[in-house]
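Scroll down for the structure; my scribbles are underneath it.
The values are calculated or read from the model by the stated rules, or taken from the named source; none is laboratory data. If you're wondering where the values come from, they're calculated on a predicted model, not measured in any experiment. Cβ sites come from the backbone with ideal geometry, for glycine too, and all protein chains shown count toward neighbours. Surface accessibility is based on the protein's heavy atoms, side chains included, excluding ligands, DNA and RNA. Shrake-Rupley method; radii C 1.70, N 1.55, O 1.52, S 1.80 Å.
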Amino acid sequence: MQIAFDFGAPTDIALMRAGLRSAFAGYRPHNIREPIGQLIKSMISSRTKDEVSLKAYRRLVECYPRWSELAGAPVPDIERAINDVTHAKDKAFYVKETLGLIARDHPDFDLSFLKELSVPEALAWLQTLPGVGPKVAASTLNFSTLAMPAFVVDTHVLRVLARFGVVGPRADIAAAYHAVMAAVPDWTAFELSEFHVLSKRLGQLSCRFDNPLCGECPLRQHCRFAGSAAGARISRSPLPADRPLVFPGRT
Ligand code: SF4
């Protein structure tokens, strides 16, 4: 049984980053897509393996080389193009709805204006779009060519943060986002992107959903739940539904 540490989130995250960088040295995230492309890619990616969603996204942009063509496509046709992602029908509907809304004010689908907003303002704008929650909004800002400092929390990252002890066992994506952003307010977009990628990798390789491999985990020395049954149960019980990211005092 591990000793219960109480470092506080900034120290926790510094320890996590050091361990992850050392374990996965040389891994570098990329910011390659334009914001609208990253938005659509993120919308179809939830609860789907990366390789599957990437292929689906490529099929989509091959079928509809212009965003206006995708916005005008029938939902069943969009669904067919992404039929191997989870909830393809719902995602196809939301993609079309979102593109239609964006086209009203931005017919060229250029979202570079988001760079002129603060991160909370840009996240709030994105979350007004149908089917866009905190993870998709943060991904659009952080992973795209916008390269804005917004931490992306997916289910793997949330599980790792909860088991390590950065957030409580019942924290949701919004709580984890705020905990990390408050702990490392000066991190750059690249540092946040790297921390996401490395944490996710740990969640896929060692801190797995049903069977955490604590014995081979590079974070086991400092992890609050290393080797414990309580740690293994975290993220197995139903989590609260995603709440939007809200920022008190902002509209
Ligand atoms: S020690 Fe175990 S519970 Fe902690 S982060 Fe690593 S795999 Fe997850």
Looking at Asp210, Asp186, which is the one that is touching a residue at least 24 places away in the same chain (Cβ under 8 Å), part of a loop (DSSP other than H, G, I, E, B) and over 19 Å from Glu51 (Cα atoms)?
Asp210
Of the residues in segment 17-35, those that are surrounded by 15 or more Cβ atoms within 10 Å (Cβ to Cβ) and at pLDDT 85 or above number 9
I need a count of the residues in segment 220-233 that are more than 8 Å from the ligand (Cβ to nearest atom), of a type outside the set (S, T, N, Q) and out of contact with any Asp or Glu (no Cβ under 9 Å at 6 or more places or on another chain).
3
Test of understanding: among Arg47, Arg28, Arg33, which residue is assigned to a loop (DSSP other than H, G, I, E, B), closer than 21 Å to Phe93 by Cβ and touching a residue at least 40 places away in the same chain (Cβ under 8 Å)?
Arg47
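Matching residues to (1) open to solvent by less than 10 Å² (accessible area, probe 1.4 Å); (2) more than 30 Å from Asp12 (Cα to Cα):
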position: Val75; (1), (2): no, yes
position: Arg80; (1), (2): no, yes
position: Thr86; (1), (2): no, yes
position: Glu97; (1), (2): no, yes
position: Pro130; (1), (2): no, yes
position: Ala138; (1), (2): yes, no
position: Leu141; (1), (2): yes, no
position: His156; (1), (2): no, no
Condition check for Asp172: of a type in the set (Asp, Glu), more than 9 Å from the ligand (Cβ to nearest atom) and within 20 Å of Pro10 (Cα to Cα):
yes
Kindly indicate the residue of segment 158-168 that is crowded, with 19+ Cβ neighbours inside 10 Å and out of contact with any Ser or Thr (no Cβ under 8 Å at 6 or more places or on another chain) and also nearest to Leu101 (Cα to Cα) among those meeting that condition.
Val167
Just to be sure before I move on: is Arg201 more than 8 Å from the ligand (Cβ to nearest atom), open to solvent by 30 Å² or more (accessible area, probe 1.4 Å) and of a type in the set (Lys, Arg) in the structure I sent?
yes
